[in-house]
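What follows is a single structure, written as structure tokens, with notes after it.
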Amino acid sequence: MEQGCLPVEQIGFDFGVQPRRLTKVSPARLATFEDCPRRYRMAYLDRPTPQRTGPWAHSTLGAVVHNALRALFDLPVEKRTPARAAALLTEHWKDAGFADAAQAAIYRERAKSWVADYVEENDVTIDPVGLERWISAPVNPHEGGRANPTMIIEGRADRIDERDGELVIIDYKTGRRPPDEYEARGSQALAMYAVASARTLRRPCHRVELHHVPTGTIAAAEHTDDSLRRQLVRAEETAEDLRLAADTLAAGGDADVLFPPQTGRRCAWCDFRPSCAEGQQAAPAAKSWDLLAP
């Protein structure tokens, strides 16, 4: 409700209908719920938060690369050089999750070359519209996304550029394999960021890109209004399931029934493995550096 607005019952009207409560959803929350409802409950609902694993080296590596590139774009254009990018990587480096200092040093040197090559091979002279930009927008995928919103989508985009009057969503990747166009087009997160950015910044946004920093690969996709709408419909369906489960839990429902574990190989590196007996039985524990690229 906007500041200064009163509920209709306070100004003499009562239509006997409760206003729809909008569910706030982010790509991370939706992906977690779809991946494993129990992990969602532990991450977002349980208080105090259940015991988690320690840091993972691949997550540390990704965060450091993201932070270095963000810091680079905060600099004046003339200072955005490959050497400065490598230096920023060193400044932001952390050893958390690596096997030892020697392994961390190897990946630090690799990551320095990644960001230096990225700056060398890509145009970094244009100032982004947003860096780690928080965006939020009410949407309704069934009515053009503006009238009578059904949910609020929000999240933090790595980078938002503007090209020829349109916004472009850029997401950095540091995983083992380079992404492809199919992955970019199918990414619910990128589609949600495109819609929220267009609403927040009031400029059209259809292009999304995955930038794989280790290889320099750029996987891009051009969405249509229909393809973005399809992603929003899928998000809305998950959001409704999520909201119903959370409300039922708050009313005294069975947590294990409402948020069952979805076991599999991923249980080996789940953050909440120490607090999930089913996950521990599903797969042997991974070492904190096992998901690093060889």
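Please treat every number below as a calculation from the coordinates, not as lab data. Just so it is clear, the model here is predicted, and its values are computed rather than measured. Cβ placement follows ideal geometry from the backbone for every residue including glycine, while neighbour counts extend to all protein chains displayed.
Structure above, values below:
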quantity: Fraction of beta bridges assigned by DSSP in the chain that are antiparallel (%, nearest 5); calculated: 65 percent
quantity: For residue 206, residues with placed amide H under 5 Å, excluding near neighbours; calculated: 167
quantity: Label-reachable residues, segment 267-284, where backbone N falls under 20 Å from a point 7 Å from residue 254's Cα toward its Cβ; calculated: 276-279
quantity: Sorted by Cβ neighbour density within 10 Å, fewest at the top, the residues 271, 46; calculated: 46, 271
quantity: Hydrodynamic radius (Kirkwood) for segment 32-83, which is based on Cα pairs only, to one decimal in Å; calculated: 14.2 Å
quantity: The chain - Kirkwood radius from inverse mean 1/r over Cα pairs (Å); calculated: 21.3 Å
quantity: Local electrostatic count at residue 26 - Lys and Arg +1, Asp and Glu -1, tallied over other residues with Cβ under 9 Å; calculated: +2
quantity: Per-pair calculated FRET efficiency, R0 = 25 Å: residue 120 and residue 183 via Cβ, rounded to 0.05; calculated: 0.50
quantity: Residue 133 long-range amide H proximity, modeled H, under 5 Å; calculated: 157
quantity: Residue order, fewest to most beta carbons within 10 Å, for 78, 222; calculated: 78, 222
quantity: Spread of Cα-to-Cα distances over 10 Å intervals beginning at zero, given as percent, for segment 57-121; calculated: 25, 53, 19, 3
quantity: Exposure proxy order (Cβ contacts within 10 Å, fewest to most) of 107, 193, 182; calculated: 182, 107, 193
